[in-house]
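Peer 1: I have a structure I would like to understand better, so I am pasting it below and will then ask my questions one at a time.
What follows draws every value from the coordinates through simple rules; no lab data is involved. For clarity, every value in this text was computed on a predicted model and none was experimentally measured. Neighbour counts run over all protein chains shown; Cβ positions are idealised from the backbone, glycine included.
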Amino acid sequence: MEEIKDIISSKDLNYISDIFNWNYTALKEVNHFINEVESEEIKEILEEVFNMHYENCTKCISILENEHEEVFMEGEEYENE
């Protein structure tokens, strides 16, 4: 039986892009308020929120980088044949 390869469809790519954009927008907004707020307690909470959105952005980028590497490696295989 032929192995099914992991791929990202264009619909998946659009969804990952949306997730990244939502988190990146929130990241910028939270960063703005971190610099504006004076309360240390609120700053700490906002920094936790910032870190959460940063991690989500990083995960999206990681997914796309891994997919890009797999496509690149497949291209090399075709060149070597």
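Peer 1: How much net charge surrounds F50 when only other residues with a Cβ under 14 Å from its Cβ are counted (Lys, Arg +1; Asp, Glu -1)?
Peer 2: Combined, the nearby Lys, Arg, Asp and Glu give -4.
Peer 1: Largest first and in whole Å, what are the equivalent-ellipsoid semi-axes of the range 13-71 based on the Cα gyration tensor, each being the root of 5 times an eigenvalue?
Peer 2: 29, 10, 7
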